[in-house]
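**Q** Below is the structure I would like to discuss, written out as structure tokens.
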């Protein structure tokens with residue numbers, strides 16, 4: 001049985017572990033700050049718990065653009081624990097994110113996925129997502 005709920009600051013260590021699986025090292029302190037940021041209007045972060053252990057998270061943001069008839073929902077991060085993948089739990093978490101965007105009146109949902117994550121691309125395509133554009137980035141600060 002899986003429970004989906006809003007992320008809390010105490011979930012920061014679990015987020016650190018999940019982000020590390022994606023190749024994004026982080027600290028518990030920085031993740032506590034991000035969880036706080038995602039509690040503001042226009043943002044939401046959900047976690048998936050199975051047997052009282054966090055097995056995934058999804059972070060969501062919605063915003064208005066001048067060229068669309070409604071807000072855009074953006075999945076800013078989405079990760080399931082490697083041991084929990086392939087069991088349908090991620091699809092349930094994604095569905096919860098999609099439901100949130102529907103409730104916010106979003107016109108469309110966007111998600112960016114690293115070019116090397118070909119299995120993830122197939123996952124999204126299988127769930128009705130379409131590749132609609134090229135994504136470009138310019139980094140303004142070296143870390």
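The numbers here are math on the coordinates, done by the rules we state, and not lab data. For clarity, every value in this text was computed on a predicted model and none was experimentally measured. Here the Cβ positions follow ideal geometry from the backbone for every residue, glycine too, while neighbour counts run over all protein chains shown.
**Q** Give me the distance between the Cα centres of segment 91-136 and segment 1-52, rounded to whole Å.
**A** Using only Cα atoms to place each centre, the spacing works out to 19 Å.
**Q** Right, another one. For the pair residue 135/residue 5, report the inter-label distance in nm, with labels modelled 7 Å from Cα in the Cβ direction.
**A** Placing both labels 7 Å along Cα→Cβ, they lie 3.0 nm apart.
**Q** If I model a spin label at residue 127 and residue 64 as a point 7 Å from the Cα along the Cα→Cβ vector, what separation in nanometres do I get?
**A** Spacing of the two 7 Å Cα→Cβ label points: 2.8 nm.
**Q** Here's something else I'd like to know. For n ≥ 4 DSSP H runs only, could you compute -39500 (n - 2.57) per run for the chain, divide by its residues and tell me the 222 nm figure to the nearest 500?
**A** Values: 4 runs with 44 residues, N = 143.
Dividing the helical sum by the residues of the chain leaves -9500 deg cm²/dmol.
**Q** By per-residue mean of other Cβ atoms within 10 Å, what is the highest-first order of 132-140, 56-64?
**A** Answer by packing, highest mean first, reads 56-64, 132-140.
**Q** For Rg and Dmax of the Cα atoms in Å, several values are listed as (i) 15.1, 44; (ii) 18.0, 70; (iii) 14.2, 43; flag the one computed from this structure.
**A** (i)
**Q** Still on this structure, please answer the following. Which stretch or stretches of segment 13-44 have amide N atoms under 13 Å from the point lying 7 Å from residue 142's Cα along the Cα→Cβ direction?
**A** Of the residues in segment 13-44, none has backbone N under 13 Å from the label point off residue 142.
**Q** Next up: Just to be sure I understand: with springs between alpha-carbon atoms less than 10 Å apart, which residue in 13, 71, 25 has the highest mean-square fluctuation in the Gaussian network model of the chain?
**A** Answer for the Gaussian network model of the chain: 25.
**Q** Would you mind telling me which residue in 22, 115, 125 has the biggest mean-square fluctuation in a Gaussian network model of the chain, where springs connect alpha carbons within a distance under 10 angstrom?
**A** In the Gaussian network model the winner is 115.
**Q** Under 10 Å, Cα contacts only: if you run a Gaussian network model on the chain, which one of 44, 52, 116 comes out with the highest mean-square fluctuation?
**A** 116
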